[in-house]
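Here the structure is laid out as structure tokens; the discussion comes afterwards.
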Amino acid sequence: MIVLDQENRIFTLHTKHTTYQIKADQYDVLLHTYYGPRVDGADLSSLIQCAGRSFSPNPSQAGTNRTYSLDIMPQEYSTCGVGDFRLPSIELELPSGSHTCDLRYCGVQKQKGKYTLNGLPAFFAGETEAETLIVHLNDAAAQVMVSLYFGVFEHLDLITRAVKITNVGEQPVHLCRCASLCLDFLRCDMDFITFNGHHLMERCLDRGPLRSGIQSVGSVRGASSHQHNPFVMLCDHNADEDIGVCYGAMLLYSGNFEAAVECSQYENSRLVMGIHPYHFGWTLEPNGSFTAPEAAMVCSPNGFGQMSRQYHRAIREHLLREPWAGQRKPVLVNNWEATYFNFNADKLTEIAKEAAPLGIELFVMDDGWFGRRNDDNAGLGDWYVNTEKLPGGLEALVPRIRELGMKFGIWMEPEMVNEDSQLYQQHPDWVLCVPCRNPARGRGQLVLDFSRKDVREHIYGQLKKVLSSADISYVKWDMNRSLTDVWSAALPAGRQGEVYHRYVLGVYDMLERLRQDFPQILIEGCCGGGGRFDGGMLYYTPQIWCSDDSDAIDRLRIQYGTSFCYPVTTMGAHVSAVPNEQNGRVTPLETRGTVAMSGAFGYEMDLSKCTEAEKQVIRQQIETYKARYALIHQGDYYRLANPFQNSGYTAWEQVSPDKREALVSVVLGCTHAAPPFRTLSLKGLDPKLNYQADGTGPLYSGATLMKAGWPLPQVPGDYQSFQFYFRAVR
Ligand code: DGJ
């Protein structure tokens, strides 16, 4: 609910459990007065205290009042050069050469429904599902208008934000920085939580107290990156899964980003999140505007678990688009770890033949089917079938797979090119490349300049031809290197700062076209695993390959970290062969199934090498997954035991919205002789309902299972796992 108090110029956004408040003060400065657990009917600017502070300047309007300073007061969208020395949200270069920006309130609007953003991913909502607040700010000297957009999803405790900057003057203005979110707190006694890692180990949680100065994570790799995720949290020092106030901030963007928190001199803090200012610049011609990508905040008064569940619901219901939002996604088998580049039509058909009777519904042909692609040094850019491997092309192969009752999917990496390709021979000038320099290679490949429409047009034409040539149900859209040598032949020197962002807009444009032209195709995002796992991609690709590390034990950490923001339905997760290809670990097939099943489930192994007993396990896993699909994918997710703590096991739970069903998954670590007896406390059940595990045995009330717990069995052997299915019987 949005409450506009026009007289006092106080704008309050209420969600079910939280309140966010903004106030335009006597000098038209837009103050941020509060964000936190819900409070009703108050002017929270009373929380802001002023006192004269040396070296904190006073705006001229304040006259002789030395207690008023932008440097001390919490700002809704921080400026620079005019008295606030903390993290700026916006920076302009004006025709005069000045970099100052001074924004003042000049109007407010409230609308039913949720605003949309042209060409950018955004949460969506029907007219009655959300409300929009737009607050207009103006810098009269710079002749720039700034509109702050807020989308309020009351029942989800979700507040989205976007920012539009418009040049209302007569000369071009250069935008050097434009954050999507600025969030000021009158405190800094909080922990900063980020999700970090590298290729093969993404989104590991890191937590530490705020310290004086600036702490930040970000990416300047052109993609949101394996190294840092565009989702961060701030929370009370004592916050855990169930207690404490915590704030999540998610950027729906797939390129360079920065999330920075500053703990300032008077123990206030400010979180600023948006496109990374490194090599960013945007020229605003007269009447031109720039829209910063959307950010989405959730505040939970009751710990991380509640915050995650709100994000999960919001993403499932208002970010993932039809038809896949409400439809069961097929169980797939992918040939990558089974064959790498070494396959032909017969080998693929052999794997598919093994897969179909097990209940697998989709066969995905990974890298290596096109051009002269027999290893990763050649072929990217030549999106036509290699008929030596696949005689008769897709027209011959796809019907063979379809005859088995399976759907067919295909891998692509449209943003890239190998020098050893026809495309590069014909268009060497289409790559990102700085004049007079040889561009760096990554995985032996170069990056196509997707900021250019002509380049995208050409690639799209090739993709469309391939996808129209056969009955194709799925595309894996991969991206296997970071961007370097970012310079576009299509833009003048003064606009090269636009290339990174235009590249991302180009990727979004291609994905949107693909969605429009092939609505039946399920697109899985991928970037060497989880190097572009972000809310921006999820708007186009409802699932993303979580990591190139398919080892079940490493995956516990990766999927745990990912779950803080993103729901399990978005996490591509496969059972692969042992010893694991990435780390050599041997885990039981049952455990690999338990872990992958809490995701967009599939297999990535040569099924023709499985024994009959293994096939029976796989058949059973797929049956369980299909039977429990709604519970796993739409249930409320609870993290029960953290894989980073040395408790000997990791556990999580999905509970149906009516609380009548729960699936508890437990994975043990390395085995020890005479291990301790363990009891696991469940969460999210109805205390008054009686539940039975796996259809047999005694009944336990929800209260008993949550308070007294459930005994974990002891079994010998490393990395054993259990799944318990609880159902309310009365
Ligand atoms: C990286 C992906 O993450 C893998 O799953 C696989 O598709 C390879 N690329 C293929 O080159």
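The values are calculated or read from the model by the stated rules, or taken from the named source; none is laboratory data. Given the structure is predicted, the values throughout are model-derived calculations rather than measurements. Heads up, the Cβs are rebuilt from the backbone with ideal geometry, glycines too, and the neighbour counts pull from every protein chain shown. For the accessible areas, the whole protein counts, side chains as well, though only heavy atoms, and no ligand, DNA or RNA atoms are used. Shrake-Rupley method; radii C 1.70, N 1.55, O 1.52, S 1.80 Å.
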> Distance from the Cα centre of the range 597-623 to that of the range 420-437, in angstrom?
Replying inline: 43
> Hey, which aspartates and glutamates would be in cross-link range of Lys329, C-alpha to C-alpha under 16 Å, not counting anything within fewer than 8 residues on its own chain?
Replying inline: Glu317, Glu361, Glu524, Glu623
> About the Cα centre of the range 487-595, what is the dipole size in debye to 20, counting +1 per Lys and Arg Cβ and -1 per Asp and Glu Cβ, all else neutral?
Replying inline: 160
> Listed highest first by mean packing, meaning other Cβ atoms within 10 Å per residue, what order do 2-10, 259-267 come in?
Replying inline: 259-267, 2-10
> Using alpha-carbon pairs under 8 Å, 6+ residues apart, how would you state the relative contact order of the range 157-304 in percent?
Replying inline: 37
> For the range 709-715, in order, what is each residue's ³J(HN,Hα) by Karplus, 6.51 cos²θ - 1.76 cosθ + 1.60 with θ = phi - 60°, in whole Hz (x at glycine and Pro)?
Replying inline: x, 10, x, 8, x, 10, 9
> To the nearest 10 degrees, how steeply does helix 552-562 sit against the main Cα axis of the chain, on a 0 to 90 scale?
Replying inline: 30
> In the range 407-429, which residues have a backbone nitrogen under 18 Å from the label point lying 7 Å from Glu388's Cα in the Cα-to-Cβ direction?
Replying inline: 418-423
> Counting only protein heavy atoms and using a 1.4 Å probe, what share of the accessible area of the range 54-161 belongs to carbon plus sulfur, as a whole percent?
Replying inline: 50
>> On a full-extension model of 0.36 nm per residue, what is the gain between His99 and Gln26, subtracting their alpha-carbon distance, rounded to one decimal in nm?
In response: 23.8 nm
>> Using 5 Å bins from zero, what percent of all Cα-Cα pairs in the range 627-730 falls into each bin?
In response: 3, 13, 23, 25, 18, 12, 5, 1, 0
> Can you work out D for the range 679-719 in µm² s⁻¹ from Stokes-Einstein, where Rh is the Kirkwood radius over C-alpha pairs, the temperature is 4 °C and the viscosity is 1.567 mPa s?
Replying inline: 117
> R0 = 45 Å: FRET efficiency of Ala613 with Arg730, Cβ-based, nearest 0.05?
Replying inline: 0.75
>> Compute for the range 385-461: radius of gyration divided by Kirkwood radius, i.e. Rg/Rh, restricted to C-alpha atoms, rounded to two decimals.
In response: 1.10
> For the range 316-430, which whole-number percentage of the solvent-accessible area (1.4 Å probe, protein heavy atoms only) is attributable to carbon and sulfur atoms?
Replying inline: 45
> So how tilted is helix 345-355 from the main axis of the chain? Cα-based, degrees 0 to 90, rounded to 10.
Replying inline: 90
> Using r as the Cβ-Cβ distance of Cys50 and Gln111, and R0 as 51 Å, what FRET efficiency do you calculate, to the nearest 0.05?
Replying inline: 0.90
>> How large is the Rg to Rh ratio of the range 1-43 when both quantities use alpha carbon positions and Rh follows Kirkwood?
In response: 0.96
>> With +1 assigned to the C-beta of every Lys and Arg and -1 to the C-beta of every Asp and Glu, and no other charges, what is the dipole magnitude of the range 223-364 about the Cα centre in debye, to the nearest 20?
In response: 380
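I need the peptides 190-200, 679-689 ranked by packing, meaning the mean over residues of other C-beta atoms within 10 angstrom, with the highest value on top.
On the way: 190-200: 19.6, 679-689: 17.2.
Those peptides, ordered most packed to least, come out 190-200, 679-689.
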> What's the FRET efficiency of Gln692 with Arg187 using the Cβ-Cβ distance as r and R₀ = 51 Å, to the nearest 0.05?
Replying inline: 0.65
> Dipole of the chain (Lys/Arg Cβ +1, Asp/Glu Cβ -1, origin at the Cα centre): which of Ile2, Val486, Pro59 lies farthest to the positive side?
Replying inline: Ile2
>> How much length would be gained if the chain were fully extended between Thr128 and Phe341, taking 0.36 nm per residue of separation minus their Cα-Cα distance, in nm to one decimal?
In response: 71.6 nm
>> At 222 nm, what value in deg cm²/dmol follows for the chain if DSSP H runs of at least 4 each add -39500 (n - 2.57) and the sum is divided by all its residues, to the nearest 500?
In response: -5500 deg cm²/dmol
> Accessible area per residue, 1.4 Å probe, Å², for the chain: what's the number?
Replying inline: 36
>> Pairs of alpha-carbon atoms within less than 8 angstrom and 6+ residues apart define the contacts here; what relative contact order does the range 300-456 have, in percent?
In response: 19
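With only Lys, Arg, Asp and Glu charged, each at its Cβ (+1 for the first two, -1 for the last two), find how big the charge dipole of the chain is about the Cα centre; round to the nearest 20 debye.
Numbers: 67 positive and 83 negative charges, 213 e Å.
Its charge dipole is roughly 1020 debye.
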> Which listed residue (Gln462, Ser421, Gly669) has the Cα farthest towards the positive end of the charge dipole for the chain, taking +1 on Lys and Arg C-beta and -1 on Asp and Glu C-beta about the Cα centre?
Replying inline: Gly669
> Roughly speaking, what is the stretch gain from Ala490 to Asn287, that is 0.36 nm per residue apart minus the C-alpha to C-alpha distance, in nm to one decimal?
Replying inline: 70.8 nm
>> Run the reach check for Lys683 against aspartates and glutamates, Cα to Cα strictly under 15 Å, same-chain hits fewer than 8 apart removed. What comes back?
In response: Asp240, Glu241, Asp242, Asp636, Glu653, Asp658, Glu661
>> Need one number: nm distance between label points at Asp240 and Ala703, each 7 Å from Cα along Cα→Cβ, rounded to one decimal.
In response: 2.3
>> Based only on Cα atoms, what mean projected area does the convex hull of the range 78-157 have, in nm²?
In response: 6.9
> Order of 69-80, 97-108 by packing, highest average Cβ count within 10 Å first?
Replying inline: 69-80, 97-108
>> Quick check of the Kirkwood formula: for the chain, what is the inverse mean of 1/r over all pairs of different Cα atoms, in Å?
In response: 27.0
> Between the helical axis of 453-468 and the dominant principal axis of the chain, each derived from Cα atoms, what acute angle in degrees is found, rounded to the nearest 10?
Replying inline: 30
> Which percent of the accessible area of the range 547-647 is formed by carbon and sulfur heavy atoms (probe 1.4 angstrom)?
Replying inline: 46
> Along the range 538-547, what does the Karplus equation 6.51 cos²θ - 1.76 cosθ + 1.60 (θ = phi - 60°) give for ³J(HN,Hα), rounded to whole Hz, x for Gly and Pro?
Replying inline: 5, 5, 9, 10, x, 9, 9, 5, 5, 6
> Could you name the lysines in cross-link range of Lys164, using Cα to Cα under 22 Å and dropping any fewer than eight places away on the same chain?
Replying inline: Lys23, Lys110, Lys112, Lys114
> Which of Gln634, Asn646, Leu680 sits farthest toward the positive end of the charge dipole of the range 634-685, with +1 on the Cβ of Lys and Arg and -1 on the Cβ of Asp and Glu?
Replying inline: Asn646
